[in-house]
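Read through the structure below, which is laid out as C-alpha cells, and then see the notes.
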Amino acid sequence: MATEVVTGGPPALIDGNNLVVGLPVGNCAFDRCVSMGTCALTTDNAGGGGVPGTNGVRRCGAVSSSTVGWGGEPDRAIDGNPDGSWGAGSCTHTDGAGSYDVPGTHWWQVDLGSSQAVDSVNIYHRTDCCQQRLLGATVYVSTTADYTRTGRSCGPVDDHLGDPDETSCNGISGRFVTVEQTDMVVTICELEVMGMDSSNPFGPPPPPPGGNPFGPPPPPAGGRVQSTSTVIATDGIAGYTTYQLSVSLGPGALNIYTIFGDHEHGPLVLPAAYQVPAPFGGDIMGVNPQFFAINPVSQYDSWITVGITNGGAGQISSIGIPWSSWTASSGIRAENGAVFWMDPNAGPTSGSIIVGQLTVASGFSPLDIQMDAQGKSLYGLDDWDSELTFSVLGNPGSAAPTGGGH
C-alpha cells in the first residue's frame, strides 16, 4: 500500500498499537545451530564489511534473521529509529546466500511473545541507496517460528518509495511476523507491527436489549485465549531446553478447567520430552518443590496441568492419555483424552495460567504440539473452548539421556 514519501530527514513513526514496542532487544548472538554446524554457512561479510566468517541464524532478543552482514543486527529494525541512512546505524542486513537450509532465501522475524491480531506491517526502507531491495518480499504472520508451515501471507512489499511501506494483514492472528525475500539481502531500517484496536477487536457492541440495564454480555472467550511458551532453563539437563506453556484468558472467560484432545477438535499431541521417574516425577500437576533438594533434576520433569504446578493434592485428574509411552525419545498422541479439574468450577481464573512443562532435546526444529482448552464463561454463556498454539523448538531425533517414563 502506497504512503506519502517524507523528505527532509527521518520519517515519523506511525501512531497506534505498535506491537513491537517494548520487546526485548540486544544480547545478539548466533543460534546454537551455528556452533553445532547444523545451520552454519560462510559468508563474505559475516564479521563486517569485507570480513568473511561463519554465519547463520542470528538472534537479538525477540528478533532474528537468517544471517547477519556488515554489522546489520536484526534488532535494529525495532529500535524506534526509522532513519534510512546506513551510517545512522539503524538498518538490518543479511548476507551471502541468506539461509543454510534454503539457499537464496533471506528472512527477518520478530516474536511478539503471544498471539496477536495484526492489522498491518509497516516497513521503513533504506533511503541513501538500495530502496528497492525488498520489492516483492513477502510478509507472513505465523503461529510458530516456522512460517513456511504455519504462516499466512499478508501480501507483498510493493512500495519501495513509501516511508513507511504498508502491507495490510487484515487481522491475521499469530505470534511471529516474518519478512522473506529471495535472491536479495533483507535490509529493514524500522518495522512496525500494527495490532488491531485492542480496546474492542470485535467492533462496536450491539445496543442494549430492552429491559436489561446492564447491556448485553460480551461474547464468549473462544478464540481469545492467548498461549505463550517461555524458556525457563537451558542445559538444566545437559543438551535439553525446558519450556513452560501458559495461557491468559480473554474477556468473557470465567476460568479454564481442562486441556484435551478429541475427535471433534483434534488429538492431543505432545513431543518426546525428558521424564523423571516416580516418585519424584509426575505426569500431571507438576512436581513438589520439596523434591528438588533430594532430586535436583525433578525440577525439569515434563508434565501437563491446568494451573497447579506443585504436585497438587488430587484436584486434577486425567483420562485417555497413554502416559507410560511418553519418554525423551517418544511423544504421545491421545485421540480422546484430557487433563481436567475434578470440580470444573474450581479451575484457575486469571493471570498467566501454566498448562504444561516440556524439557526437550535442544535444537531449532519446530516440535508438534496440539491441544485444546475449555472453561466456564461469564454471564451464564456456554462454556468456551479454544485451540492452543505453542512455539517450541527442539531436536525431534534425539534420544533420552535416561530411560523410562513416569
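The values are calculated or read from the model by the stated rules, or taken from the named source; none is laboratory data. In this text, all values refer to a predicted model and were calculated from it rather than measured experimentally. For neighbour counting, all protein chains shown are included, and Cβ atoms are generated from backbone atoms with ideal geometry for every residue, glycine included. Ligands, DNA and RNA are excluded from the accessible area calculation, which covers all protein heavy atoms including side chains. Shrake-Rupley method; radii C 1.70, N 1.55, O 1.52, S 1.80 Å.
Descriptive notes on the structure:
- Cα-based shape type of the chain, given that a ≥ b ≥ c are square roots of the gyration tensor eigenvalues and the cut on a/c is 1.5: oblate
- Under 14 Å, Cβ to Cβ, from residue 322 - net charge with Lys/Arg +1 and Asp/Glu -1: -1
- Farthest toward the positive end of the dipole of the chain, out of 284, 334, 373, is the Cα of 284, where the dipole comes from beta carbon charges about the Cα centre.
- Ranking 93, 263 from most to least accessible surface, computed with a 1.4 Å probe over the protein chains only, gives 263, 93.
- Calculated FRET value between residue 346 and residue 161, using beta carbons and R₀ = 60 Å, to 0.05: 0.55
- Projected label distance in nm at residue 29 and residue 278, using a 7 Å step from Cα toward the beta-carbon: 3.9 nm
- Loop sites by DSSP among the chymotrypsin sites (Phe, Trp or Tyr not before Pro) of the chain, restricted to those with at most 14 other Cβ atoms within 10 angstrom, leave 1-201 as the longest stretch without any of them.
- Length gained on full extension, residue 269 to residue 168, computed as 0.36 nm times the residue gap minus the Cα-Cα distance: 33.0 nm.
- Surface share of carbon and sulfur [accessible, 1.4 angstrom probe, percent] for the chain: 52 percent
- Rolling a 1.4 Å probe over the protein heavy atoms gives the range 20-90 an accessible area of 41 Å² per residue.
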